[in-house]
Amino acid sequence: MAREFEGLRAEILGSYTARSLPDLTSASHHLTTLTNLVKDVSDAVLFRATDTDPGLDFGPVILAYAEAAEPAGHALASYTEAFAQLGFLRRFQESPPTPDLQDARRAAFGVSQDGLDVAVDRLQETFVSLRRSSDRIDGTPPRMLAALSRSSVPANSIYRIPATAPAPQPTRLAFTPEPRHAR
């Protein structure tokens, strides 16, 4: 799920610049995707909170998704504000320019830029939150690690092969001379 948030963040970031905004069609797709991701976070909590299997402890997973819901919700709110301004700009794009309308367009453009920037930042927070939680929760079984070490590991694997520690070598102090062997 973290990768999905990061993918949407990259997509939104690529859709606007300092001088342009995304078109309303792209913005609608982004908003739909973001809404579905926030729903998926909520559904993940709901699914685990209603599971009554006494042998499973979903507490850490529930906490991870619940913590990610906050920045994801803020991203949704910020993007929705920007979306409203994009609608305003679309509505009056063909209107004759008057001083008041030009001021309103500049203000809407600025509010849209700010909303998109905040949404992108909050999506990054969501990604980082989910990723850190995933790393903290991921307790890969030793048998799985052994199997992965003998096979190719897919790039999208959640299992991480631990780094091999360097071979233990005797520690020699800098001031200790080399040992001499007597006959």
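The values are calculated or read from the model by the stated rules, or taken from the named source; none is laboratory data. Everything numeric here is computed off the predicted structure, so don't read it as measured data. Note: ideal-geometry Cβ built from the backbone for every residue, glycine included; neighbour counts use all protein chains shown. Just the protein is used for accessible areas: all its heavy atoms, side chains included, with ligands, DNA and RNA removed. Shrake-Rupley method; radii C 1.70, N 1.55, O 1.52, S 1.80 Å.
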Practice task
Run Leu21 past the list (1) within 23 Å of Ile137 (Cβ to Cβ); (2) of a type in the set (A, V, I, L, M, F, W, C); (3) crowded, with 16+ Cβ neighbours inside 10 Å and report the number of the one that doesn't hold.
Solution key: (1)
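In segment 112-140, what count of residues is obtained for those that are of a type in the set (Val, Ile, Thr), in a helix (DSSP H, G or I) and either modelled with pLDDT of 95 or more or open to solvent by less than 50 Å² (accessible area, probe 1.4 Å) (or both)?
4
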Problem - Residues (open to solvent by 60 Å² or more (accessible area, probe 1.4 Å), within 27 Å of the chain's Cα centre (by Cα) and of a type outside the set (A, V, I, L, M, F, W, C)) located in segment 61-109 - result: Glu67, Glu70, His74, Thr80, Glu81
Exercise for the section: Determine whether Phe58 is among the hydrophobic types (A, V, I, L, M, F, W, C), modelled with pLDDT under 95 and surrounded by 15 or more Cβ atoms within 10 Å (Cβ to Cβ). Expected result: yes
Practice task
Mind counting the residues in segment 4-57 that are over 20 Å from His74 (Cβ atoms) and among the charged types (D, E, K, R)?
Solution key: 6
